[in-house]
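> There's a structure below that I have some questions on.
The values are calculated or read from the model by the stated rules, or taken from the named source; none is laboratory data. Keep in mind that what you see is a predicted model, and the values were worked out from it rather than measured. Cβ coordinates were reconstructed from backbone atoms using ideal geometry, including for glycine residues, and neighbour counts include every protein chain displayed. Note: accessible area is taken over every heavy atom of the protein model, side chains too, but ligands, DNA and RNA are not part of it. Shrake-Rupley method; radii C 1.70, N 1.55, O 1.52, S 1.80 Å.
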Amino acid sequence: MRNEQEVNQAIEQYSDMVRRLCMVHLKNHADTEDIFQTVFLKYVLSSVSFENEEHEKAWFIRVTVNACKDLLKSFFRSHTVSLEEVMEQPALLLPDNREVLEAVLSLPVKYREVVYLHYYEDYTAPQISRILGKNVNTIYTLLTRAKQMLRERLGGEGYE
């Protein structure tokens with residue numbers, strides 16, 4: 001079990017990343033907060049010793065992705081409709097940014113994951129391949145296909 005100082009430091013360092021990753025997968029604020037708590041509880045109870053900061057960050061990403069996938073597969077989740085699907089949230093983003101975000105969120109999960117890790121967390125394709133446990137060429141293919149889908153949805157070459 002980790003001490004309070006370690007936990008506070010991890011929350012300060014990784015909370016934004018964990019929340020963004022959850023939103024990319026779940027598209028739901030309430031579920032995002034649930035998974036956020038789950039991830040940091042696992043961290044508190046974990047006895048894993050990290051080799052370095054990158055190893056720790058990769059651990060948080062992997063645990064978050066797995067927790068999101070578990071939630072999405074759960075019986076409760078597959079038999080309910082979120083309020084966000086019923087009512088569109090108010091426009092908090094600028095129209096251009098909202099359009100891009102909606103386009104990214106509309107991608108299938110396998111594309112959303114790599115787009116998020118590459119463009120928001122600045123991971124390279126080889127790093128993403130290690131985090132997700134996929135071949136590096138698969139990551140390049142997913143990024144290329146995701147960019148093409150986004151180009152089609154956003155209408156042109158202006159979004160690269």
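> Report the full-extension gain for the segment LYS73 to ASN52: residue separation times 0.36 nm, less the Cα-Cα distance, to one decimal in nm.
Extending this stretch completely gives an extra 4.4 nm.
> So, one more: Pairs to check: LYS42/LYS110; LYS57/LYS147; LYS69/LYS110; LYS42/LYS134; LYS73/LYS110. Give those whose C-alpha atoms are more than 22 Å from each other in this structure.
Beyond 22 Å between Cα atoms: LYS42/LYS110; LYS57/LYS147; LYS42/LYS134.
> Right, here's the next one. Can you give the FRET efficiency to the nearest 0.05 for ALA30 and LEU105, using r as the Cβ-Cβ distance and R₀ = 22 Å?
My answer for the efficiency is 0.85.
> Working with all protein chains in place, sort LYS57, LYS27 by solvent-accessible area computed with a 1.4 Å probe, largest first.
LYS27, LYS57
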